[in-house]
1. Answer yes or no as to whether B:Ile16 is within 16 Å of ligand 2 (Cβ to nearest atom), of a type in the set (A, V, I, L, M, F, W, C), surrounded by fewer than 21 Cβ atoms within 10 Å (Cβ to Cβ) and more than 14 Å from every other protein chain (Cβ to nearest Cβ).
2. Please tell me if A:Gly106 is closer than 30 Å to B:Thr107 by Cα and at pLDDT below 90.
3. Within the bounds of segment B:186-199, is there any residue that is touching a Ser or Thr at 6+ places or on another chain (Cβ under 8 Å), in a helix (DSSP H, G or I) and away from ligand 2 (no atom under 16 Å from the Cβ)?
4. Let me confirm something: among B:Ser128, B:Ser92, which residue is away from chain A (no Cβ under 13 Å), surrounded by fewer than 19 Cβ atoms within 10 Å (Cβ to Cβ), in a loop (DSSP other than H, G, I, E, B) and polar (S, T, N, Q)?
5. Name the residues in segment A:199-222 that are assigned to a helix (DSSP H, G or I) and farther than 18 Å from A:Leu91 by Cα, would you?
6. Among the numbered criteria (1) part of a helix (DSSP H, G or I); (2) more than 16 Å from ligand 2 (Cβ to nearest atom); (3) open to solvent by less than 60 Å² (accessible area, probe 1.4 Å), which one does B:Phe120 miss?
7. Got at least one residue in segment B:172-181 being surrounded by 22 or more Cβ atoms within 10 Å (Cβ to Cβ), over 27 Å from B:Lys109 (Cβ atoms) and not acidic (Asp, Glu)?
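The values are calculated or read from the model by the stated rules, or taken from the named source; none is laboratory data. Being a predicted model, the structure only gives us computed values, none of them experimental. Cβ sites come from the backbone with ideal geometry, for glycine too, and all protein chains shown count toward neighbours. With ligands, DNA and RNA removed, areas are computed over all heavy atoms of the protein, side chains included. Shrake-Rupley method; radii C 1.70, N 1.55, O 1.52, S 1.80 Å.
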Amino acid sequence: MYHLGRYFLMLKTLFSVPSKWTILWRRVISELEIIGISSLFIVGLMSLFMGGVIALNTAYQLTTPLLPDYTVGYITQQSTFLEFSPTVMSLILAGKVGSNIASEIGTMRVTEQIDALEIMGVNSLNYLVLPKIIAAMLFFPILIICSMALSLIGGWLALQVSGLINTEVYVMGIRSFFDPFHITYALIKAVCFAFLIVSVSSYYGYYVRGGSLDVGKASTQAIVTSSVVILMSNFILTKLLLF
Amino acid sequence: MIEVQNIDKSFADLQILHDITTIFEKGKVNLIIGQSGQGKSVLAKCMVGLHEVDSGHVVYDGKDFTSMNRNERSLIRQQIGMLFQGSALFDSMNVEENVGFPLTMFTNKSSAEIKKRVDFCLERVNLSGKNALLPSECSGGMQKRIGIARAISMNPKYLFCDEPNSGLDPKTAILIDGLIQDITKEYNMTTVVITHDMNSVIEIGENVIFIYEGKKWWQGDKKSIITTENPEITDFVYASEFMKEIRQNIQNTRT
Ligand SMILES: Nc1ncnc2c1ncn2[C@@H]1O[C@H](COP(=O)(O)OP(=O)(O)OP(=O)(O)O)[C@@H](O)[C@H]1O
Ligand SMILES: [Mg+2]
């Protein structure tokens, strides 16, 4: 309860008008690179393999002749768009981006760099955290789109390598029952998760007390809490958006 | 001038500062001295609002800082320069960006003007031409000096230095002391320096406040600190055997 109250107070201080827009803008650009671009590779790699596994698993379970072969493509598309890309990728990003943010901000706290900002009259939360939130909310959707595409490609590759289903049937499966709302739905989730990951990890970093050992603990806490928060809000969002 | 009125400060159950009242004068180097762990840094942080005081007031030139809100404080803070005990340089920025940071944040100067001011400040701390180094590539003493350059880059009215010359060789320490004294006089600043270096006390101590167990134990100038008979102070001033001997000799020649 104490954490929750302090978290909302933090958000209040965080969302104030920056003293100079040009500085905010410059910070957002550099955060885009740190948070976004550097995550592309890991997200791409994971998505390829994930798509492959989904496709193989589905093909393995569909031994009954009653279902047409293109079901494999359809199910791979559905699971990727609805759950795997937005949620699983966000969990991975919570690990990578979250621990990075918590340890960066935590180190600044214990080495008095945050005090130094405050003493100059800078709103340190606004200066440090807001650009990260903006950058993540802008870039997560892009990451998720890449993840979707690569996951489908991964599925195709896996099926080709194992020679189970040919390309036309797989693509037909992907295209049948395609609902553009599912993309919107995934992107809404991505934006929400981006906000949660960055704000929760920043919270743990910002309120660290002590030394470098405590920074390590804070960064672990940041990953654990943001993962739990992602899964809980995933449930709420799914309920709200699909039903 | 900064007035400190009846400040108390506790962490959890532990009271660190007890009812401290004093005045830090304008145009003078005011020293806070005392042994390690007596609350010197906490006092400085209370004065600038990094710690909230439990009771009491801090008044900057007649303006009560304690009762101000965040935005009003921010305006006072733009006139404060502070050197932290651990330097607290921003590791992601190079020397030039560190020193110029307050200028980019709060002024509309062009980057050429900022560069000029940064070069000037770096020259004052004998670090000309080190603009492109990262803090991690600088020695501890250099980091201290960069911290001072950053603290003075905005031409502050109030300058706080937490142990500006600990960890420096005697020659550089004297240079830093001299620098702090010079800029204090030149710009008529209110300067507060925390130190446990007796050399600095002798060099620049015009108004010395001795903190003991979180209380203001004694206040005076550098001459009276040498002659005072207060046992806690003589303990501090004449800590080493060598100094004790000197003191004994002085007393012997007097009698
Ligand atoms: N944030 C904090 N939380 C709890 N206790 C603290 C905190 N900061 C300082 N203290 C305690 O306050 C006391 C005074 O610390 P302070 O840093 O002011 O000492 P100091 O006089 O500056 O010593 P030094 O010369 O070694 O820097 C210490 O006992 C320290 O443990
Ligand atoms: Mg100290």
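1. Here the answer is yes, as B:Ile16 does meet what is asked.
2. no
3. No; the residues of segment B:186-199 include none that is touching a Ser or Thr at 6+ places or on another chain (Cβ under 8 Å), in a helix (DSSP H, G or I) and away from ligand 2 (no atom under 16 Å from the Cβ).
4. B:Ser128
5. Hits for segment A:199-222 are A:Gly205, A:Tyr206, A:Ser212, A:Leu213, A:Asp214, A:Val215, A:Gly216, A:Lys217.
6. B:Phe120 satisfies every listed condition except (3).
7. So far as segment B:172-181 goes, no, none of its residues is surrounded by 22 or more Cβ atoms within 10 Å (Cβ to Cβ), over 27 Å from B:Lys109 (Cβ atoms) and not acidic (Asp, Glu).
One line per residue, one yes/no per condition, for (1) within 30 Å of A:Leu125 (Cα to Cα); (2) part of a helix (DSSP H, G or I); (3) touching a Pro at 6+ places or on another chain (Cβ under 9 Å):
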| position | (1), (2), (3) |
| --- | --- |
| A:Leu4 | yes, yes, no |
| A:Thr22 | yes, yes, no |
| A:Arg27 | yes, yes, yes |
| A:Ser39 | yes, yes, no |
| A:Phe49 | no, yes, no |
| A:Leu56 | no, yes, no |
